[in-house]
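Peer 1: Here it is: the structure, laid out below.
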Amino acid sequence: MNAPPRPPSDNGPAEWLYPATLVLIAIAPSQLAYAFHPRYGPFVTPADVLAALLGLGWLIDALLRRRLGQLRWLPLPAIALVVVAALSIGQAADLKAAVVETAQLGLYLLVAFILFFDVLRDRSRLLGAFHVLAGVTTVIVLWGAYEYLTAHDPMAVKASFGNRNVYSAYLAMVLPVMLGVGLNLRGIGRQVWLVGAVMLGVITMLSGPIIWVTLVCLLAVGAMRSKSAAAITFVLVVAFTALMPVVFVRNYDAAVVELSQPYVEGRSFDTGEGEVPVVEKRWLEWGPALRMMADGGNFVLGVGAGNYQANIGQYYENLPAEKDQKIEADTNNLYLVIGGSLGFAGLVCLAAWLAHFWRLASVLWLRAEDDWGRGLAIGLVPAMGTIIATNFFTSLLVRGSALVLILLLAMIEGIARRGLASEEVGADSQ
């Protein structure tokens, strides 16, 4: 007689997945990758490979222990965004790029999210993940500080990333979390470590708009902590801003001089009716990207995942740009890239995805029961603000920063659903 089937388990995943996930978090903040083509890629990082392998391990474990029923907590906008990307492949001129981009979105939005959410399922594991993330971020900040002091080119202040923009974007989403926890912990040693790393990290950021986004969100962390923390944070931010022209000159050049001069110095464009200044391409490209989105043939599903760059050039007609003018690396507006490549359907899914986590983050403080929990909740709310704002000036859904972005979103989802209990709870509780 056959044994009756076992009911689906509420137990957590295999124990080995937790230390393996901590290793993934430790190696995630890096753009070191194998490039199948030096310019067009695809680019595969060790963290991407490990995430895929751990995702496969999680799936096998879930099948053997009949835990797949717990996938009902996966955010629907994430599923919809990957589905739209898959549908957009039919619009793509470069099918290889479209398939690779869709696979990468699936890896980040679905596989990595499932892994982080399910493995980091209690207070102690969240604490372990935070400490690994804070530790590796501290190393990255120290690396960036060395480059800040020695490198002549601002783009070279990048640590383990490809350039200043991805480096700054990564810090923009992680530093508020570190500050939130640092301001709430009682141990003076960890406070000095976390707050000191945040202050040094801000100084090493040389991507102009992202500097201001980060400063505003750090002020929000202080304001959410207490009146005294708000006052101290405000004084530090004002002091940093005031000292920029005389002490932090590199930051001043990036945050003030570059932003106040949107034109390419010494270059003009002949329109046929006269000369006009050449606009920096990072700002100029917003116009062609909107034109791409408005194109009737591209409106719903865009030009295809991964096909944005190959198509954007045809929408520059009559704009003040020169043929040899290059856009600074990683300064594309993520919303316009998604709107152009995945169409209006993709843009709606992206907005719904971010809105889902913003809604959850805004009430995380209700789930906090101690100093650590309050610190994490206070940090994750402004971190969501930086994620939403920073993507106007770069993209966090790129190798090196995407897995950490997904980690923070999985933390938000996990705390919102399970709180910060000291013991493991079922993934579908509440």
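The rows are residues; the columns are (1) in a helix (DSSP H, G or I); (2) open to solvent by 10 Å² or more (accessible area, probe 1.4 Å); (3) within 17 Å of Leu380 (Cβ to Cβ).
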position: Ile211; (1), (2), (3): yes, no, no
position: Cys217; (1), (2), (3): yes, yes, yes
position: Ser228; (1), (2), (3): yes, yes, no
position: Ala231; (1), (2), (3): yes, yes, no
position: Phe234; (1), (2), (3): yes, yes, no
position: Val246; (1), (2), (3): no, yes, no
position: Tyr252; (1), (2), (3): yes, yes, no
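Peer 1: Of the numbered conditions (1) touching a residue at least 40 places away in the same chain (Cβ under 8 Å); (2) open to solvent by 30 Å² or more (accessible area, probe 1.4 Å); (3) assigned to a helix (DSSP H, G or I), Ala329 satisfies every one except a single condition; which is it?
Peer 2: Result: Ala329 fails condition (3) only.
Peer 1: Which one is modelled with the lowest pLDDT, of the residues in segment 1-26 that are over 10 Å from Val119 (Cβ atoms) and open to solvent by less than 30 Å² (accessible area, probe 1.4 Å)?
Peer 2: So, considering only residues that are over 10 Å from Val119 (Cβ atoms) and open to solvent by less than 30 Å² (accessible area, probe 1.4 Å), the one modelled with the lowest pLDDT is Ser9.
Peer 1: Output the number of the condition that Gly346 fails; it satisfies all remaining conditions of (1) modelled with pLDDT of 95 or more; (2) surrounded by fewer than 24 Cβ atoms within 10 Å (Cβ to Cβ).
Peer 2: Going through (1) modelled with pLDDT of 95 or more; (2) surrounded by fewer than 24 Cβ atoms within 10 Å (Cβ to Cβ) one by one, Gly346 breaks only (2).
Peer 1: Now for a separate question. So which residues in segment 302-317 are touching a residue at least 40 places away in the same chain (Cβ under 8 Å) and either assigned to a loop (DSSP other than H, G, I, E, B) or within 17 Å of Ala103 (Cα to Cα) (or both)? Break it down stepwise before answering.
Peer 2: Of segment 302-317, the ones touching a residue at least 40 places away in the same chain (Cβ under 8 Å) are 302-307, 310-311.
Within segment 302-317, Gly302, Val303, Gly304, Ala305, Gly306, Asn307 meet the criteria.
Peer 1: Same structure again: Of the residues in segment 141-193, how many are among the hydrophobic types (A, V, I, L, M, F, W, C), in contact (Cβ under 8 Å) with a residue 60 or more places away in the chain and farther than 14 Å from Arg250 by Cα?
Peer 2: So the answer is 13.
Peer 1: Another question, then. Going by the structure shown, is Arg164 within 15 Å of the chain's Cα centre (by Cα) and of a type in the set (Lys, Arg)? Outline the logic, then answer.
Peer 2: On the way: within 15 Å of the chain's Cα centre (by Cα): yes; of a type in the set (Lys, Arg): yes.
Yes, satisfied.
Peer 1: Further, regarding this structure: Got a sec? Which of Leu290, Leu284 is farther than 23 Å from Val99 by Cβ, open to solvent by less than 40 Å² (accessible area, probe 1.4 Å) and free of Cβ contacts under 8 Å to residues at least 60 places away in the same chain?
Peer 2: On the way: Leu290 fails: open to solvent by less than 40 Å² (accessible area, probe 1.4 Å).
Of Leu290, Leu284, the one residue that is farther than 23 Å from Val99 by Cβ, open to solvent by less than 40 Å² (accessible area, probe 1.4 Å) and free of Cβ contacts under 8 Å to residues at least 60 places away in the same chain is Leu284.
Peer 1: Same structure, new question: Could you count how many residues in segment 112-124 are part of a helix (DSSP H, G or I) and crowded, with 18+ Cβ neighbours inside 10 Å? Quick ask: steps written out before the conclusion?
Peer 2: Start the filter on segment 112-124 by keeping residues that are part of a helix (DSSP H, G or I), which leaves 112-119, 123-124.
Filter again for crowded, with 18+ Cβ neighbours inside 10 Å, leaving 112-119, 123.
Going through segment 112-124 one residue at a time, the tally reaches 9.
The values are calculated or read from the model by the stated rules, or taken from the named source; none is laboratory data. In this text, all values refer to a predicted model and were calculated from it rather than measured experimentally. A quick note on method: Cβ atoms are made from the backbone with ideal geometry, for glycine too, and the neighbour counts reach across all protein chains shown. These accessible areas exclude ligands, DNA and RNA; they are computed on the full protein's heavy atoms, side chains included. Shrake-Rupley method; radii C 1.70, N 1.55, O 1.52, S 1.80 Å.
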